[in-house]
Amino acid sequence: MARKRKRRKGAGPQPAPHRRTHEDRARAPAAERRKGEPALPSFNGVLIRSVIVAVLFYPYLIFIAGQPSQTALLVAAIAFVVMIPLGMAFDRVRYRMQMKRWRQKREEGDE
């Protein structure tokens, strides 16, 4: 019966390095990211903010604005739907401004 050869440790090709994308860096813990680098805007954050706005807007429409409950529900739902693309657009603008400031600070520190 033939004996099976043991595989040598380290035999074979070297593993390919993992190329980290910008999204990977943004999802990494803050310690792994470059110091002070702003995080990418996330859809979940926008969705949560939209839900909060709709939930707070509904009682406002009923109790303060005096709207009927069905009308208030419809207006709150429309506000929720409108807040999603507006929130994403606002987050992207804010992220670009933060990145611009961060890069300027980093370049000033290098010189």
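The values are calculated or read from the model by the stated rules, or taken from the named source; none is laboratory data. Since the structure is predicted, the reported quantities are computational estimates derived from the model, not experimental observations. Backbone-built Cβ (ideal geometry, glycine too); neighbour counts: all protein chains shown. SASA here: full protein model, heavy atoms, side chains in, ligands and nucleic acids out. Shrake-Rupley method; radii C 1.70, N 1.55, O 1.52, S 1.80 Å.
Values computed for the structure shown
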| read-out | value |
| --- | --- |
| Filter result for MET88 (among the hydrophobic types (A, V, I, L, M, F, W, C), closer than 16 Å to PHE43 by Cα and touching a residue at least 40 places away in the same chain (Cβ under 8 Å)) | yes |
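Quick grid of which residues meet (1) at pLDDT below 70; (2) open to solvent by 90 Å² or more (accessible area, probe 1.4 Å); (3) under 30 Å from VAL81 (Cβ atoms):
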| site | (1), (2), (3) |
| --- | --- |
| ALA2 | no, yes, no |
| LYS9 | no, yes, no |
| PRO17 | no, yes, no |
| PRO29 | yes, no, no |
| GLU32 | yes, yes, no |
| LYS35 | no, yes, no |
| PRO38 | no, no, yes |
| SER50 | no, no, yes |
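Listed here are the residues, each with its yes/no results for (1) under 14 Å from the mean Cα position of the chain (by Cα); (2) open to solvent by 70 Å² or more (accessible area, probe 1.4 Å); (3) of a type in the set (S, T, N, Q).
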| residue | (1), (2), (3) |
| --- | --- |
| ILE64 | no, yes, no |
| ALA76 | no, no, no |
| PHE80 | no, no, no |
| ILE84 | yes, no, no |
| ALA89 | yes, no, no |
| ARG94 | yes, yes, no |
| ARG101 | no, yes, no |
| GLN104 | no, yes, yes |
| GLU107 | no, yes, no |
